[in-house]
Amino acid sequence: MVAVISMLVEDEPGVMQRIMGEFTRKRINVETIVVGKCERPDKARIVLSVTEPAKAEAVLEHLKSMQEIVEAEIVDESRHEAYALMLNGHGEARMTGSIEEIADVIEKTKPQKYIRTISAL
Amino acid sequence: MKGSRVVVELLERQEVEVAFGIPGGVLLPLYDELVTAKFRHILTRHEQCAAHMADGYARASRKPGVCIATSGPGATNLVTGVATAFMDSSPLVAITGQVATGMLGADAFQEADSFGIMMPITKHNFRVTEAKQLPKVIKRAFGIATTGRFGPVHIDIPSDVFVADIPEKELERDYPTPPPRRNLSKLLDAVKLLESAERPTILVGGGAQWSSAGPEILKLAEILMAPVVTTLMGKGVVPDAHPLVLGVVGMHGRQGANYALHNCDVLLGIGTRFSDRVTGKVSEFAKTTKIIHVDIDASEIDKNVKGHIALIGDAWTATNALISGLQSRSIKQSEWKNRIKELKAACTCDFDISGEPIKPQKVIKELSRYLPEDAIITTEVGQNQMWCSHFLEMNGKRQFITSGGLGTMGFGFPAALGAKVAKPDKAVVDVAGDGSLQMVSHEFATSIQDDIPVVVCLMNNGWLGMVKQWQKLFYEKRYKATTLGNVPDFVKLAQAYGADAIKIEKASELKEGIKRAVKSDVAFLLDIAIDPEEDILPMIPPGKKTSDTIYGRCKFKCSI
């Protein structure tokens, strides 16, 4: 099981450190991280996935109470989106799809190198 | 306007009365502006104590305390004080100098990553890397510290920002901090649950102290005929003499209070985080009890104990809402009311023990009797703190200030100095242990130089008493690193700073000593030789249940 937390944050130095510090302190292992510019100037969007949904629930209010986090929510499964960049003998491949689809492709093609992450809107 | 002038100007506009601090290289431009500042600056002898004084000031005045330290070691010394304030939700604005922005990350002289270090122990913190942000940051810092759940905010200011020119119009913009969302949507559920409760109990925490909700809580208790028990941080919110008030709960709590806490069917927790020192073994806590949790901070809900009705709002507002919800309803008068009377009566052991060596309980008894009725009492951490927690009688006017969450030894003396600055007309007494006092005894210098006469009531037993007690009870008396060897001579130490001091070895001398000390024009140390073998009992051993209590002199078990 994967829980995905999406946040709209101030695009300022130190924000990632503060958020990751909270996860470290509460012993929540973060599986994937996507950070990027978004539709609002001076803001950024952060999408984190964790493997323990109960812990995601527990940390959500703490995240919401942070000054630099404008919004934080746990994203419904239907909106999860996986992405992978893979390298094998034939060159590089990139792929998007559901978490299961991407896991399936990686399992079958066994790329020499890959990175897989999860995003959501 | 110069950056350093901006800092002083904005502190003045926040109506800051006093800043506690120590200057340093990168702070020279700021201290140059402090020469003409409208507020007082108190030079402490260690930055940790600057933070504790600001904290004590904040707790006594309910206004944000300001402390200042230089870069590197100044900032790291401040850490313990800031963490203490954070754990007890005390509003501080802590300002540190930093090396110039161009030097950041170069391991410059006196550089430490204060921004990173302070991050997990502050409500929020800022590093000002562009001078024009400075006005916004200072205004935001005060807003954040004093909005919703209070807490310390740290501002790290590089030296070049202090000398940069900032357009004056930047000072005129406002940056309001929105209050946290209140959510009393479960009020009706809470009212119904309380109405139908057979054995309701109210647990009062530090949130009620910050929100000054004591009288409202008593009113609610009277409507419900519910006993009121408090956490360490809630001590003093309600007067101990009230028939429904059973005192402090927890590891060293009053047995009547613990009984009510663990035998109620509905528990109303107001402004408390249900810390491990209150709940004991959390898996055993309130297994069948229904809990209503009032807290200003939504992130406290479900943090330590789970699955209850949550009212999110400040203690005062939520309590008043409960009162209006319950007033029109008929509360049945149950057997619980009689049980409370029995509990109260069973918890009145006589601790007016005369004779020598002086028993610590006797010292607290005499303080309860002879301190002025509106005195402020601070404590250090350890046995001295728990003796106060258990035995000190609060009357609703006295204030109790202690490091509850972090448990910082050396907090009480500087906090007393800060409280005295906030309330110069009140008697302020630090109940200390000889271990704690030695961590901060240099602040006698501050008290003399800045004319802050507080009383230090030293419970001197020559041990790091609380750790010794645990070694005695749980480690077969294998004492290690807990004896303090009866040095120094505290009377001479205090006198060396210009404070007044007496040694007390007879119980009969306590009364006169206390009366003399609170009248003193200078700091006054009462060096009281207490029985080194007297423990703080009763005690629920860590991680154990109330049935495992070690009673000592407490006769509660026999009488209930």
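Screening A:71, A:39 for residues that are outside any helix (DSSP H, G or I), within 14 Å of chain B (Cβ to nearest Cβ), at pLDDT 95 or above and loosely packed, with under 14 Cβ neighbours inside 10 Å leaves exactly one candidate, A:71.
The residues in the range B:354-382 that are within 19 Å of residue B:247 (Cβ to Cβ) and surrounded by fewer than 18 Cβ atoms within 10 Å (Cβ to Cβ) can be counted, and the count is 2. Can you go through A:21, A:14 and tell me which one is within 14 Å of chain B (Cβ to nearest Cβ), under 30 Å from residue A:103 (Cβ atoms) and not aliphatic (A, V, I, L, M)? From the options A:21, A:14, the qualifying one is A:21. Taking every residue in the range B:15-35 that is in the same structural domain as residue B:73 (by TED's automatic domain parsing) and pairing it with any residue that is among the acidic types (Asp, Glu) and part of a helix (DSSP H, G or I), at least 6 positions away or on another chain, the pairs with Cβ-Cβ distances below 6 Å are B:22/B:47.
Checking each residue in the range B:94-112 for being within 14 Å of another protein chain (Cβ to nearest Cβ) and crowded, with 16+ Cβ neighbours inside 10 Å picks out B:98, B:101, B:104.
Test residue B:138 against the criterion of being within 12 Å of chain A (Cβ to nearest Cβ), surrounded by 18 or more Cβ atoms within 10 Å (Cβ to Cβ) and modelled with pLDDT of 95 or more, and give yes or no. Here the answer is no, as residue B:138 does not meet what is asked.
Scanning the range B:383-432 for residues that are surrounded by fewer than 24 Cβ atoms within 10 Å (Cβ to Cβ), under 16 Å from residue B:250 (Cα atoms) and among the small types (Gly, Ala, Ser) yields B:405, B:407. Give me the residue from the range A:24-36 that is free of Cβ contacts under 8 Å to residues at least 40 places away in the same chain and away from chain B (no Cβ under 12 Å) and, out of that set, surrounded by the most Cβ atoms within 10 Å (Cβ to Cβ). This residue is A:28. Only residues that are within 23 Å of residue B:256 (Cβ to Cβ), surrounded by fewer than 22 Cβ atoms within 10 Å (Cβ to Cβ) and of a type in the set (Val, Ile, Thr) were counted across the range B:266-318, and they come to 6.
Each row is one residue, and each column tells you yes or no for (1) under 29 Å from residue B:179 (Cβ atoms); (2) assigned by TED's automatic domain parsing to the domain that holds residue A:85; (3) touching a strand residue (DSSP E or B) at 6+ places or on another chain (Cβ under 8 Å).
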site	(1), (2), (3)
A:11	yes, no, yes
A:18	yes, no, no
A:21	yes, no, no
A:31	no, no, yes
A:49	no, no, yes
A:63	yes, no, yes
A:71	yes, no, yes
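Looking across the range B:164-180 at every residue that is in contact with a helix residue (DSSP H, G or I) (Cβ under 8 Å, 6 or more places away or on another chain) and surrounded by fewer than 17 Cβ atoms within 10 Å (Cβ to Cβ), the one that is farthest from residue B:295 (Cα to Cα) is identified as B:165. Residue B:120 meets the conditions (1) assigned by TED's automatic domain parsing to the domain that holds residue B:53; (2) crowded, with 16+ Cβ neighbours inside 10 Å in every case but one. The failed one is (2).
Taking each residue of the range B:329-355 that is within 23 Å of residue B:393 (Cα to Cα) and touching a residue at least 12 places away in the same chain (Cβ under 8 Å) and looking for partners that are among the β-branched types (Val, Ile, Thr) and buried (at least 16 other Cβ atoms within 10 Å of the Cβ) with beta-carbon atoms closer than 8 Å, six or more apart or interchain, yields B:351/B:364.
Every residue in the range B:136-164 that is within 13 Å of residue B:124 (Cβ to Cβ) and either in a strand (DSSP E or B) or without any contact (Cβ under 8 Å) to a residue 24 or more places away in the chain (or both), please. Matches in the range B:136-164: B:137, B:152, B:153, B:154, B:155, B:156.
When the range B:447-473 is filtered for residues that are part of a helix (DSSP H, G or I) and either buried (at least 24 other Cβ atoms within 10 Å of the Cβ) or in contact with an Asp or Glu (Cβ under 8 Å, 6 or more places away or on another chain) (or both), the ones remaining, listed by number, are B:447, B:465, B:468, B:469, B:472, B:473.
A single member of A:59, A:105 is away from every other protein chain (no Cβ under 14 Å), in a helix (DSSP H, G or I) and either in contact with a Cys (Cβ under 7 Å, 6 or more places away or on another chain) or not charged (D, E, K, R) (or both), and it is A:105.
Every condition in (1) surrounded by fewer than 24 Cβ atoms within 10 Å (Cβ to Cβ); (2) in contact with a helix residue (DSSP H, G or I) (Cβ under 7 Å, 6 or more places away or on another chain) is met by residue B:192 except one, and the failing one is (2).
The values are calculated or read from the model by the stated rules, or taken from the named source; none is laboratory data. Not measured: the values here are computed from a predicted model. So basically every Cβ, Gly included, is an ideal-geometry build from the backbone, and we count neighbours across all protein chains shown.
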